[in-house]
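Read the structure below first, then the notes.
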Amino acid sequence: MNIFPSIDIYKGNVVRLYKGNYDQVTIYSSSPVEVAKEFEKMGAKYLHIVDLEGARDGKPHALDLILQIKESASLICQVGGGIRSLETISTYLDNGIERVILGTSAIKDENLVKEALVKYGRRILIGVDIKDNLVSINGWEEKSSLDAYTFIQRMISFGVSTFICTDISKDGAMEGTNLALYQDLQNRFNVNIIASGGVSSLEDIKKLKDMNIYGAIIGKAYYTKVISLKEAFEVIKH
């Protein structure tokens, strides 16, 4: 299993939203670059980056800052938020970012997913943000009518191999992650599942590891010092 420490960027700061609410923002650092360097020092291999303004507005806001993060730390970076065109995908992937995450665009523009997969293959990840079993879009501010399981199966049929699945009701709430959801996804689909939202204890990480989940994203639990990344890395080693 892999640990993906998370940097959510809003107006140039490292923040967390409470359950995806843009009116409930907590700032944890004014320097995303320094946070990424800290993750690297702690032994991180991967980094999960979200451009929150991009996710909401449908166009990148933090592209230059994200490329600066990539240059400053030797981490495998996956980026999401506002990636709605092949041009934006290429700008990230041709400038050192290893993977991009398509969310809203995967629902609204299936041809974009297909084109991106032809060009970049496994470097294209799909974000599935789930609320009441339906996929949410536009920075979680709008709920689609699409069932999450149907959506995942359709993306698999196009050739997608890695999904980041978030239970929005758990995200930033520090109430534990939705283990039943991830077990169900793991049982149903033969793909890489990255658990996101509410991973708030070493016990959560251990249980996800025991399910053979591909990865887990750690955000608020790190910033509020509930989880030590070093201890999290130890859990996945054993």
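The values are calculated or read from the model by the stated rules, or taken from the named source; none is laboratory data. The model shown is predicted, which means the values in this text are computed figures rather than measured ones. Cβ coordinates were reconstructed from backbone atoms using ideal geometry, including for glycine residues, and neighbour counts include every protein chain displayed. Ligands, DNA and RNA are excluded from the accessible area calculation, which covers all protein heavy atoms including side chains. Shrake-Rupley method; radii C 1.70, N 1.55, O 1.52, S 1.80 Å.
The string of couplings for the stretch 225-237 from the Karplus curve (6.51, -1.76, 1.60, θ = phi - 60°) is 6, 7, 10, 8, 4, 4, 5, 4, 5, 5, 4, 7, 6 Hz, one whole number per residue in order, with x for Gly and Pro. From helices alone, the chain scores -10500 deg cm²/dmol at 222 nm; the rule is -39500 (n - 2.57) for each run of n ≥ 4 DSSP H residues, then divide by the residue total. Could you sort out which of LYS114/LYS230; LYS41/LYS108; LYS41/LYS237 sit more than 27 Å apart by Cα distance in this structure? In this structure, LYS114/LYS230; LYS41/LYS108 lie more than 27 Å apart at Cα.
Looking at the stretch 56-159, which GluC sites (Glu not before Pro) are DSSP coil and have at most 14 other C-beta atoms within 10 Å of their C-beta?
Values: sites: GLU71, GLU87, GLU98, GLU110, GLU115, GLU141, GLU142; in loops: GLU98, GLU141.
Qualifying residues, ordered by number: GLU141.
For VAL128, nonlocal amide neighbours, meaning residues 5 or more places apart or on other chains whose placed amide H falls under 5 Å from its own, are ILE164, CYS165, THR166. Protein heavy-atom accessible surface, 1.4 Å probe, per residue over the chain: 43 Å².
Compute the Cα gyration tensor for the stretch 1-128, then decide on rounded, prolate or oblate, letting a ≥ b ≥ c be the square roots of its eigenvalues: rounded whenever a/c is under 1.5, prolate when a/b is larger than b/c in the other cases, and oblate in all that remain. Don't skip to the answer; put the middle values down first.
Working: a/c = 1.81, a/b = 1.27, b/c = 1.43.
Because a/c hits 1.5 or more and a/b fails to exceed b/c, the stretch 1-128 counts as oblate.
The portion of the accessible surface of the chain made up by carbon and sulfur, rounded to a whole percent, is 43 (1.4 Å probe; DNA, RNA and ligands excluded).
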